[in-house]
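Here's the structure we're looking at; comments come further down.
The values are calculated or read from the model by the stated rules, or taken from the named source; none is laboratory data. These numbers were taken from a predicted model, which means no experiment stands behind them. Note that each Cβ is placed from the backbone with ideal geometry, even for glycine, and that neighbours are counted across all protein chains shown.
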Amino acid sequence: MRHWRIELRRTAAAYAEETPVTLQDITITRNAPANVPADLLSWVAEIAALTRPDAVHWCDGSQAERDRLYDEMVAAGTFIRLNPARRPDSYLARSDPADVARVESRTFICSEREEDAGPTNNWAEPTAMKQTLTDLFSGAMRGRTMYVIPFTMGPLGGDITRLGVEITDSPYVVVSMRMMTRIGTPALDAIIAGAAWVPAAHTVGYPLVDADGNARPDVPWPCSDTKYITHFPETREIWSYGSGYGGNALLGKKCYALRIASVMARDEGWMAEHMLILKITSPAGREFHLTAAFPSACGKTNLAMLRPTIPGWKVETVGDDIAWMRPGPDGRLYAINPEAGFFGVAPGTSEETNPTCLHALRHDTIFTNTALTDDGDVWWEGLTAEPPAHLLDWQGNDWTPGCGRPAAHPNARFTVPAAQAESIAPDWESPTGVPIDVILFGGRRARNVPLISEAYDWEHGVFVGATVSSEQTAAAEGTVGALRRDPFAMLPFCGYNMADYWAHWLDMGAILGEAAPRIFQVNWFRKDGDGRWLWPGFGENSRPIEWALRRVAGEIGALDAISGRIPAPGDLNLDRLDISDDDLEALFALDPQAWAAEADLTEEYFAQFGERVPAALSRQLAGLRGRIAEAKGAE
Ligand code: OXD
Ligand code: MN
């Protein structure tokens, strides 16, 4: 991408010529902290010369800096301070109604070769995309402050931790990054000491002064109708234009920790996964660690803060969304949570569904697009059985029950430091990570997939991960009941060709050998013929997890079945659970005809990746067909 850097320098030089302002005059270097390495300084100078901010602020991550930004955002109308008696140090932001979620259609992997992005990503040619971005970024920060945020993904000091620097013109992004990652002086010190860093440039694309010098007023949530969330895997760069929202703008999260890190991990022999991390302690005091990948809307945050219903077991949270994993000195796979906060969906979170999460949100929380109560607190659908008699909805309009509109946006979010969860594991920030015993893959499947099954081996587990799917639930999303594949829950997050990613998983299995975690598939969402859930879910999900851990401990056997090994009768702990024998049988029913149809769909699905599908996965599909044929024969 060197040619593009030259382009940018030319653009920057043209700006410097065009006006009497020099790079030094816009205080890029003057107010930079001491000893900032030349490559970082020149990148900041280039972006500043391109975007033309009024000022450049290097974030130190301090409380004083945070307080000043919060005050400025309250004054600007970006933040509404919640009633401190009800929700201390907490704020509500209302986004532009057109900037409420990640925009997958505007997310690009700009690898040199299209086939390296693969059929599941949007691809754009890197030089052309850099030109588009250079044009869009030109003057984009006029009238604004440009913030430079050094950050670490993962606790400093560990082998898995990586550094980044985000440039943004959004103070909302700065304070959110302060919760979601570890920002400021310690990260910059690590860069000064020589650590590699990923550059991540972001602008909301709403300059306050146009190229002719005409000013316009700011708005509470500046953004642009044009949006680009772009990744350059070969040069490890991120550029994001036009959105202030979550995964589009907090570039440490999906952009770095998944899309760019998945490429780094492939090249360097580790794994960057869309997985929560749990620490689980048995009644006998044995500690296990588990990671789990679920497509969105499958209750991942609830599982990350699981309260087990089976006595004696303790579950603690290490991470709720992303796991970076690499083999440790003992050959086992170790995981860190690269993030420092939770950015979760608020609607549906309640004292019943996830009390631990709700308690974490009692103070020091940023809410985005929830409703506001008359006494200055937040509300969302599902928080209480009875909605308040009056609210301001997520757009600030009067709202009353029965008015026909949701009060909170369905993707309303909370941003909160992970340490505020009472379930947080004491060693969640261990720089060396936690050793993983079990990997779970889950989807939302009304049919076919049993409550829990164990993969026959790593290779079969990779097949299970590669074929994760959910049945579509709403006509708007496509054909109801059709399978939406979301391999490893990485569909929108894999920074390279998905089939190559499967090959990387197979390679990691070969490296880990006998020390590899055991892989299981779970499905909390199976229904009977009348559409009734067969499994109660939530805290009861501790039961199939207990079965998996007892398998790992070598305490119990299992039955070979079509989709994997399933519990033998009596082995799943059902003490004090009110479930009928018929429902239990239905939870594990494996219909060979239905599985044959599913195998055909898998073959079709694999076909889009052509020759790049690893032979091992084709072998696994043949193995599945063999087990189906055997089961048919036994009928
Ligand atoms: C998320 C997501 O926000 O997966 O974590 O979309
Ligand atoms: Mn996620």
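Test residue 623 against the stated conditions and say whether it is at pLDDT below 95 and either out of contact with any helix residue (DSSP H, G or I) (no Cβ under 9 Å at 6 or more places or on another chain) or under 30 Å from residue 501 (Cβ atoms) (or both). No.
The single condition among (1) loosely packed, with under 13 Cβ neighbours inside 10 Å; (2) modelled with pLDDT of 95 or more that residue 38 does not satisfy is (2). Among the candidates 215, 265, 190, the residue that is touching a residue at least 12 places away in the same chain (Cβ under 8 Å), under 17 Å from residue 159 (Cα atoms) and surrounded by fewer than 22 Cβ atoms within 10 Å (Cβ to Cβ) is uniquely 190. Can you confirm whether residue 129 is assigned by TED's automatic domain parsing to the domain that holds residue 193, of a type in the set (A, V, I, L, M, F, W, C) and either over 22 Å from residue 233 (Cβ atoms) or in contact with a Pro (Cβ under 7 Å, 6 or more places away or on another chain) (or both)? Spelling it out, it is not the case that residue 129 is assigned by TED's automatic domain parsing to the domain that holds residue 193, of a type in the set (A, V, I, L, M, F, W, C) and either over 22 Å from residue 233 (Cβ atoms) or in contact with a Pro (Cβ under 7 Å, 6 or more places away or on another chain) (or both). Checked against the criterion of being within 16 Å of ligand 1 (Cβ to nearest atom) and either within 24 Å of the chain's Cα centre (by Cα) or surrounded by 23 or more Cβ atoms within 10 Å (Cβ to Cβ) (or both), the candidates 355, 338 yield just one match: 338. Scanning the stretch 59-88 for residues that are aromatic (Phe, Trp, Tyr) and crowded, with 20+ Cβ neighbours inside 10 Å returns a single hit, 79. Checking each residue in the stretch 371-398 for being of a type in the set (D, E, K, R) and either part of a loop (DSSP other than H, G, I, E, B) or not assigned by TED's automatic domain parsing to the domain that holds residue 357 (or both) picks out 374, 375, 377, 381, 386, 393.
Given the criteria of a type in the set (Asp, Glu) and in contact with a Leu (Cβ under 7 Å, 6 or more places away or on another chain), does residue 375 qualify? Write out each step before concluding.
Working: of a type in the set (Asp, Glu): yes; in contact with a Leu (Cβ under 7 Å, 6 or more places away or on another chain): no.
No; evaluated as a whole, the condition is false for this residue.
Considering only residues that are part of a strand (DSSP E or B) and more than 12 Å from ligand 1 (Cβ to nearest atom), look in the stretch 296-321 and name the one that is surrounded by the fewest Cβ atoms within 10 Å (Cβ to Cβ). Reasoning before the result, please.
Here is the first cut: in the stretch 296-321, the ones part of a strand (DSSP E or B) are 314-319.
Next, only the ones that are more than 12 Å from ligand 1 (Cβ to nearest atom) stay: 314-318.
Working: 314: 15, 315: 23, 316: 21, 317: 26, 318: 26.
Selected residue: 314.
Annotation: residue 149 fulfils all but one of (1) on the phi > 0 side of the Ramachandran plot; (2) not small (Gly, Ala, Ser); (3) not in a loop (DSSP other than H, G, I, E, B); the unmet one is (1). Run residue 489 past the list (1) more than 16 Å from ligand 2 (Cβ to nearest atom); (2) at positive phi; (3) of a type in the set (A, V, I, L, M) and report the number of the one that doesn't hold. Here residue 489 meets the rest and fails (1).
Among the residues of the stretch 447-492, the ones that are at pLDDT below 95 and either acidic (Asp, Glu) or in a helix (DSSP H, G or I) (or both) come to 4 in all.
When the strands (runs of 3 or more DSSP E) confined to the stretch 189-279 are screened for residues that are within 16 Å of ligand 2 (Cβ to nearest atom), those reaching at least 1 such residues are found at 228-232, 271-273.
Among the listed residues 361, 333, which satisfies the condition of being away from ligand 1 (no atom under 14 Å from the Cβ), outside the structural domain of residue 280 (by TED's automatic domain parsing) and touching a residue at least 12 places away in the same chain (Cβ under 8 Å)?
Going through 361, 333 in turn, just one is away from ligand 1 (no atom under 14 Å from the Cβ), outside the structural domain of residue 280 (by TED's automatic domain parsing) and touching a residue at least 12 places away in the same chain (Cβ under 8 Å): 361.
Whenever a residue of the stretch 246-262 is touching a residue at least 24 places away in the same chain (Cβ under 8 Å), its partners that are more than 10 Å from ligand 1 (Cβ to nearest atom) and part of a loop (DSSP other than H, G, I, E, B), lying with C-beta atoms within less than 6 angstrom and at least six residues away or across chains, give the pairs 249/243; 252/181; 257/338; 259/495; 260/236; 260/495; 262/494; 262/495.
Just checking, which of 455, 466, 503 is among the small types (Gly, Ala, Ser), within 25 Å of residue 568 (Cβ to Cβ) and away from ligand 2 (no atom under 16 Å from the Cβ)?
Details: 466 fails: within 25 Å of residue 568 (Cβ to Cβ); 503 fails: within 25 Å of residue 568 (Cβ to Cβ).
None of the others qualify; the one that does is 455.
Per the conditions (1) within 13 Å of ligand 2 (Cβ to nearest atom); (2) of a type outside the set (Gly, Ala, Ser); (3) in contact with an Asp or Glu (Cβ under 7 Å, 6 or more places away or on another chain); (4) within 26 Å of residue 446 (Cβ to Cβ), the sole criterion not satisfied by residue 322 is (4). Of the listed requirements (1) over 24 Å from the mean Cα position of the chain (by Cα); (2) under 30 Å from residue 514 (Cβ atoms), residue 434 misses just one: (1). For the stretch 532-588, a residue qualifies if it is out of contact with any Gly (no Cβ under 9 Å at 6 or more places or on another chain), assigned to a loop (DSSP other than H, G, I, E, B) and either assigned by TED's automatic domain parsing to the domain that holds residue 357 or exposed (fewer than 13 other Cβ atoms within 10 Å of the Cβ) (or both), and the qualifying residues are 532, 554, 555, 557, 569, 570, 575, 576, 578, 580. None of 262, 282 is of a type in the set (S, T, N, Q) and not assigned by TED's automatic domain parsing to the domain that holds residue 484 except 262.
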